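Just below is one structure, and these are the notes that go with it.
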């Protein structure tokens with residue numbers, strides 16, 4: 001089933017600086033879906049305008065659930081919510097049955113939940129990555145600086161499902177707990193500093 005490639009990015013302490021570096025070299029995602037989650041408490045809103053100052057790529061937070069994740073844009077997880085991604089559901093064109101049928105489509109949408117924190121965090125990187133591992137689309141998980149091991153298990157799930165894993169070089173992380181844990185679980189497809197990750201995602205690595 002054709003559909004846009006999906007990039008899921010997660011981080012925590014040091015994540016904003018890392019995203020700035022990525023956006024400096026990631027100039028065009030017109031044919032891809034990008035979803036970003038950073039650890040932050042409900043009272044810490046207003047991140048989208050900050051990140052928008054780093055890039056011309058449109059960045060927005062979903063205000064409803066489910067909400068489409070458009071190609072060529074960055075969907076940012078709102079503060080205080082888990083963000084999961086899933087494929088859209090379309091009314092089936094198969095012969096009618098007494099119960100209406102739906103098929104999985106290629107487009108991606110975001111779902112927000114108030115389920116309990118994971119590793120003391122909501123939003124959780126593992127929750128986003130684990131949901132991305134179930135997409136029908138090609139998936140790349142990018143794990144950035146983080147002061148817990150959140151995201152490492154999610155990277156393993158993406159890799160096991162046939163996706164790619166990109167890790168920030170621990171030497172460039174403000175907090176390297178997550179990427180070090182991920183390195184113990186998977187063989188990453190790329191390890192680099194934030195600008196190098198942006199180049200790699202742009203096909204210029």
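Coordinate-derived values only; no laboratory data. Treat the numbers as computed from the prediction; the structure is a model and nothing was measured. We place every Cβ from the backbone using ideal geometry, glycine too, and count neighbours over all the protein chains shown.
Remark: spin-label model distance residue 120-residue 171 equals 2.9 nm, labels positioned 7 Å along the Cα→Cβ axis. With one equal scatterer per alpha carbon and no solvent term, the Debye-computed log10 I(q)/I(0) for the stretch 2-75 at 0.12 1/Å reads -0.32. Using C-alpha pairs below 8 Å separated by at least 6 residues, the relative contact order for the stretch 99-199 is 24 percent. Of all DSSP bridge pairs formed entirely within the chain, close to 30 percent run antiparallel. For the chain, the spread of Cα positions along the three principal axes, ordered from largest to smallest, is 59, 37, 34 Å.
Can you work out D for the stretch 123-205 in µm² s⁻¹ from Stokes-Einstein, where Rh is the Kirkwood radius over C-alpha pairs, the temperature is 4 °C and the viscosity is 1.567 mPa s?
So the translational diffusion coefficient is about 105 µm²/s.
Which whole-number percent gives the relative contact order of the stretch 5-201, counting Cα pairs below 8 Å spaced six or more residues apart? Relative CO of the stretch 5-201 lands at 25 percent. If the chain linking residue 43 and residue 28 were pulled fully straight, counting 0.36 nm for each residue of separation and taking away their Cα-Cα distance, it would gain 2.3 nm.
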